[in-house]
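Trainee: Dropping a structure here in structure tokens format, bear with me for questions.
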Amino acid sequence: MEHYKLDDMFKGWFIGNFEPTLQSTNDVEVGVKKYKAGDAEGFHHHKIATEFTVILNGEVEMSGKRFTDGDIIKITPGTSTDFKAITDVTTVVVKIPGANNDKYIDQ
């Protein structure tokens with residue numbers, strides 16, 4: 001058995017092509033992400049990866065829709081979304097595949 005701390009990982013990502021990581025792979029990325037109310041990201045998309053976001057707790061707004069505890073959002077390649085934490089929020093994010101440099105900011 002081995003033991004690690006999420007706080008020691010790269011921005012909450014603990015599986016994927018990051019340093020440090022628990023499993024170095026380009027097949028998938030897995031992270032637990034924590035945001036403060038008001039944190040936001042502008043519209044972006046992925047050309048290769050499908051992203052699954054689970055809202056563990058809190059409330060977010062993505063593409064003008066509100067999501068809360070237990071919601072799962074699937075974002076397919078080419079689909080743009082933004083992100084705003086309405087409250088403090090914790091998410092689990094899975095990206096398949098873990099394609100490097102696959103985040104494109106929409107202009």
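Trainee: Please identify the pairs in which a residue from segment 1-16 that is in a helix (DSSP H, G or I) has its Cβ atom under 8 Å from the Cβ atom of a residue that is surrounded by 10 or more Cβ atoms within 10 Å (Cβ to Cβ), counting only partners at least 6 apart or on another chain.
Mentor: Pairs found: Leu6/Gly12; Leu6/Phe14; Leu6/Val32; Asp8/Pro20.
Trainee: For Ile48, all conditions in the list (1) in contact (Cβ under 8 Å) with a residue 24 or more places away in the chain; (2) under 16 Å from Lys11 (Cβ atoms) hold save one; what is the number of the exception?
Mentor: Only one criterion in (1) in contact (Cβ under 8 Å) with a residue 24 or more places away in the chain; (2) under 16 Å from Lys11 (Cβ atoms) is unmet by Ile48, namely (2).
Trainee: Just need a number here: residues in segment 77-107 that are part of a loop (DSSP other than H, G, I, E, B) and among the aliphatic types (A, V, I, L, M).
Mentor: The number of residues fulfilling the criteria is 2.
Results for (1) closer than 27 Å to Asp27 by Cβ; (2) basic (Lys, Arg); (3) surrounded by 12 or more Cβ atoms within 10 Å (Cβ to Cβ), shown as yes or no for each residue.
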| position | (1), (2), (3) |
| --- | --- |
| Ile48 | yes, no, yes |
| Asn57 | no, no, yes |
| Ile75 | yes, no, yes |
| Gly78 | yes, no, no |
| Asp106 | yes, no, no |
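Trainee: Which count do you get for residues in segment 69-95 that are farther than 22 Å from Leu6 by Cβ and either free of Cβ contacts under 8 Å to residues at least 24 places away in the same chain or aromatic (Phe, Trp, Tyr) (or both)?
Mentor: Qualifying residue count, segment 69-95: 0.
Only the coordinates and a few stated rules stand behind these numbers; no lab work does. The model shown is predicted, which means the values in this text are computed figures rather than measured ones. Neighbour counts run over all protein chains shown; Cβ positions are idealised from the backbone, glycine included.
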